[in-house]
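Right, one structure below, let's go through it.
FYI, it's all coordinate maths here, none of it is from the lab. Please read these numbers as outputs of a predicted model, since none were measured by experiment. Cβ placement follows ideal geometry from the backbone for every residue including glycine, while neighbour counts extend to all protein chains displayed.
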Amino acid sequence: MLSNSKCTWHLSGYAIKSTVLTMIVLFASAAFGQVSLVSEKYTLIKPGVSTRKDVEKVYGSGKSDDYFVKYNDDQATIFVTYSSEGCDSRKRAWGVPAWTVEEISFDFGENSVPLNEIILDRSRFKKSNSHVIGAVTYLNEDLGILIEYYAKFKTVQNITLSIGRNLRKGLACRK
């Protein structure tokens, strides 16, 4: 009986290690899968993974309004929403530490950015009419990528990266 329980423990330990490894691979592919669909310039920061420290290494310090921070670079105004609390708070939906990126948005304003400089693989996006007249959106919900494109001007106005469906499964707080 004793040897049987040791065998069961080893199998359980193996199953636990296997499950943990599978979760790590799933998170990595969900978070880093954005890179292959959208130009790498816009996927340096990964929602649900990157922290404020990571953002400030790329964009410097920004103007803060609590957990919402505005950054600027030469091409866009960048808005980042950070998590304020983990699952211990009833206010939060994501099980990530405070100051982890929940969403990052690039607003190009007057700058003209062609769609082919942003989207590298259109086949993995769902195209639909935007709520903004004259615009269409490209959405990949699995990876949390939303792109707003103005066909008349042939430019991208906005890119928003959020915690995608693939990553949400592992980060959602349990109620």
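A few notes on this one:
- Rule-of-thumb Rg ratio for region 33-171 [Cα; 2.2 N^0.38 Å; N residues]: 1.05
- Fewest-first ordering of GLU85, GLU40 by other beta carbons within 10 Å of each residue's beta carbon gives GLU40, GLU85.
- Restraint check, LYS126/LYS152; LYS127/LYS154; LYS63/LYS154; LYS46/LYS127, Cα-Cα greater than 21 Å: LYS63/LYS154; LYS46/LYS127
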